[in-house]
Amino acid sequence: MRAAPDRECDARVLDEIHASVESYYSEKIIAFGPVPAGADWDSIITQDVRFLQLLRICDFSAPLALNDVGCGYGALLSYLSRYHGETEIDYLGFDLSPAMIAQADRLQRDLSRAGFRVAAHSPRVADYSVASGIFNVRLDHPVETWERYVGQTLVDMHAHSRRGLAVNFMTPDPVNADPERLYCTMPEPWVQFARDRLRSSAKVVAGYGLREFTLLISTPDGGR
Ligand SMILES: C[S@@+](CC[C@H](N)C(=O)[O-])C[C@H]1O[C@@H](n2cnc3c(N)ncnc32)[C@H](O)[C@@H]1O
């Protein structure tokens, strides 16, 4: 098992990663439109299962502000209006891909208290931040570089989350533990990263029928 990264990417590498990820997902949404395949997912069922796990970090009994990191075409906002319509949610989705945000704006323009932006870093502090699927496709970046990038992204999410954050990761396939261009990991390095680098406790949610896990990180001290 690899250890969690102990340093960040330099700015040039970070820009290269963002540009390649943006280009990969822009191609998907342009090819398939605002449906799960447009965000590189198999189905709305598995997309919703992921949202269900990530949103375990949130307390829906009171109004809340939520950052959706790598929001794609805005499927989480639809999920929230279907399943959490009783809670007042100040939602902000942001994504590297202008083509994704164009679709999100088009789909969601009638919902108030919701916004979408093209951005690579959290534009504001919210109660919670969630990210579904943003670490899975590493393209041609070496695993070590990708892990530094994942760590850096978690630090940014943590600094912009008053109460907690949640992210998901693919776990290794026993037949092919290191598939080309994908990032698969066991939970332990990232639980350790949360403890040592974010000074936060992390809970692992697994066994929900997908080859992945969700990390719920509580930030009771306001993420700072
Ligand atoms: C697999 S898609 C999932 C989209 C959405 N979360 C969903 O579940 O429908 C991942 C999205 O994250 C975006 N993304 C990846 N890394 C990002 C980052 N560091 N900052 C902002 N957006 C990012 C990609 O452009 C892509 O739209």
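The values are calculated or read from the model by the stated rules, or taken from the named source; none is laboratory data. On a predicted model such as this, the values are computed, not experimentally measured, just so you know. Glycine gets a Cβ as well: all are built from the backbone with ideal geometry, and neighbour counts include every protein chain shown.
Evaluate the following for SER122: is it modelled with pLDDT under 95, surrounded by fewer than 22 Cβ atoms within 10 Å (Cβ to Cβ), touching an Asp or Glu at 6+ places or on another chain (Cβ under 8 Å) and not β-branched (Val, Ile, Thr)?
On the way: modelled with pLDDT under 95: yes; surrounded by fewer than 22 Cβ atoms within 10 Å (Cβ to Cβ): yes; touching an Asp or Glu at 6+ places or on another chain (Cβ under 8 Å): yes; not β-branched (Val, Ile, Thr): yes.
Criteria met by SER122.
Residues in the range 114-135: is at least one small (Gly, Ala, Ser) and in contact with a Phe, Trp or Tyr (Cβ under 6 Å, 6 or more places away or on another chain)? Step through it out loud before you land on a result.
In the first step, residues of the range 114-135 are kept if they are small (Gly, Ala, Ser); the result is 114-115, 119-120, 122, 126, 129, 131-133.
Those left that are additionally in contact with a Phe, Trp or Tyr (Cβ under 6 Å, 6 or more places away or on another chain): 114, 119.
Checking the range 114-135: at least one residue is small (Gly, Ala, Ser) and in contact with a Phe, Trp or Tyr (Cβ under 6 Å, 6 or more places away or on another chain).
Looking at the range 117-148, which of its residues are within 8 Å of the ligand (Cβ to nearest atom) and part of a strand (DSSP E or B)? Spell out the reasoning first.
We begin by selecting, within the range 117-148, every residue within 8 Å of the ligand (Cβ to nearest atom); these are 119-121, 131-137.
If the condition is that a residue be within 8 Å of the ligand (Cβ to nearest atom) and part of a strand (DSSP E or B), then ALA131, VAL137 are the ones that fit.
Step by step: first the residues of the range 25-48, then only those that are within 14 Å of the chain's Cα centre (by Cα) and of a type in the set (A, V, I, L, M, F, W, C), then the one that is farthest from PRO98 (Cα to Cα). Which residue is that?
Checked the range 25-48; the qualifying residue farthest from PRO98 (Cα to Cα) is TRP41.
Write out, first by first residue and then by second, each pair whose Cβ atoms fall under 9 Å of each other, whose residues are 6+ apart or on separate chains, and whose first residue, in the range 38-65, is near the ligand (Cβ under 9 Å from one of its atoms) while the second is among the charged types (D, E, K, R).
Within 9 Å, the pairs are GLY38/LYS28; ALA39/LYS28; ASP40/LYS28; TRP41/ARG50; ARG50/GLU212.
Go through the range 165-190 residue by residue and tally those that are aliphatic (A, V, I, L, M) and either touching a Cys at 6+ places or on another chain (Cβ under 7 Å) or farther than 18 Å from LEU55 by Cα (or both).
Narrowing the range 165-190 to residues aliphatic (A, V, I, L, M): 165-167, 170, 175, 177, 182, 186.
Within this subset, residues satisfying the condition of being either touching a Cys at 6+ places or on another chain (Cβ under 7 Å) or farther than 18 Å from LEU55 by Cα (or both) are 170, 175, 177, 182, 186.
Of the residues in the range 165-190, 5 are aliphatic (A, V, I, L, M) and either touching a Cys at 6+ places or on another chain (Cβ under 7 Å) or farther than 18 Å from LEU55 by Cα (or both).
Residues that are on the phi < 0 side of the Ramachandran plot, over 19 Å from the mean Cα position of the chain (by Cα) and hydroxyl-bearing (Ser, Thr, Tyr): does the range 97-107 have at least one?
No, the range 97-107 contains no residue that is on the phi < 0 side of the Ramachandran plot, over 19 Å from the mean Cα position of the chain (by Cα) and hydroxyl-bearing (Ser, Thr, Tyr).
For ASP173, only one of the following conditions fails: (1) among the charged types (D, E, K, R); (2) surrounded by 14 or more Cβ atoms within 10 Å (Cβ to Cβ); (3) in contact (Cβ under 8 Å) with a residue 12 or more places away in the chain. What is its number?
Condition not satisfied by ASP173: (2).
When the residues of the range 149-172 are filtered to those that are over 20 Å from ARG197 (Cα atoms) and not aliphatic (A, V, I, L, M), which remaining residue is nearest to the ligand (Cβ to nearest atom)? Spell out the reasoning first.
Residues of the range 149-172 over 20 Å from ARG197 (Cα atoms): 170-172.
With not aliphatic (A, V, I, L, M) added as a condition, the list becomes 171-172.
Values: THR171: 16, PRO172: 19 Å.
Restricting to residues being over 20 Å from ARG197 (Cα atoms) and not aliphatic (A, V, I, L, M), the top hit is THR171.
In the range 1-29, which residues are away from the ligand (no atom under 12 Å from the Cβ) and either farther than 26 Å from GLN152 by Cβ or surrounded by fewer than 19 Cβ atoms within 10 Å (Cβ to Cβ) (or both)? So that I can check it myself, show each step before the final result.
First, pick out the residues of the range 1-29 that are away from the ligand (no atom under 12 Å from the Cβ): 1-8, 10-13, 16.
Within the range 1-29, MET1, ARG2, ALA3, ASP6, ARG7, GLU8, ASP10, ALA11, ARG12, VAL13, GLU16 qualify.
Condition first: in contact (Cβ under 8 Å) with a residue 12 or more places away in the chain and either surrounded by fewer than 18 Cβ atoms within 10 Å (Cβ to Cβ) or not in a loop (DSSP other than H, G, I, E, B) (or both). Now tell me which residues in the range 188-198 satisfy that.
In the first step, residues of the range 188-198 are kept if they are in contact (Cβ under 8 Å) with a residue 12 or more places away in the chain; the result is 188-194, 196-198.
Hits for the range 188-198 are GLU188, PRO189, TRP190, VAL191, GLN192, PHE193, ALA194, ASP196, ARG197.
Taking the condition over 27 Å from GLY207 (Cβ atoms), within 12 Å of the ligand (Cβ to nearest atom), crowded, with 18+ Cβ neighbours inside 10 Å and hydrophobic (A, V, I, L, M, F, W, C), does ILE89 pass?
Values: over 27 Å from GLY207 (Cβ atoms): yes; within 12 Å of the ligand (Cβ to nearest atom): no; crowded, with 18+ Cβ neighbours inside 10 Å: yes; hydrophobic (A, V, I, L, M, F, W, C): yes.
So ILE89 fails the test.
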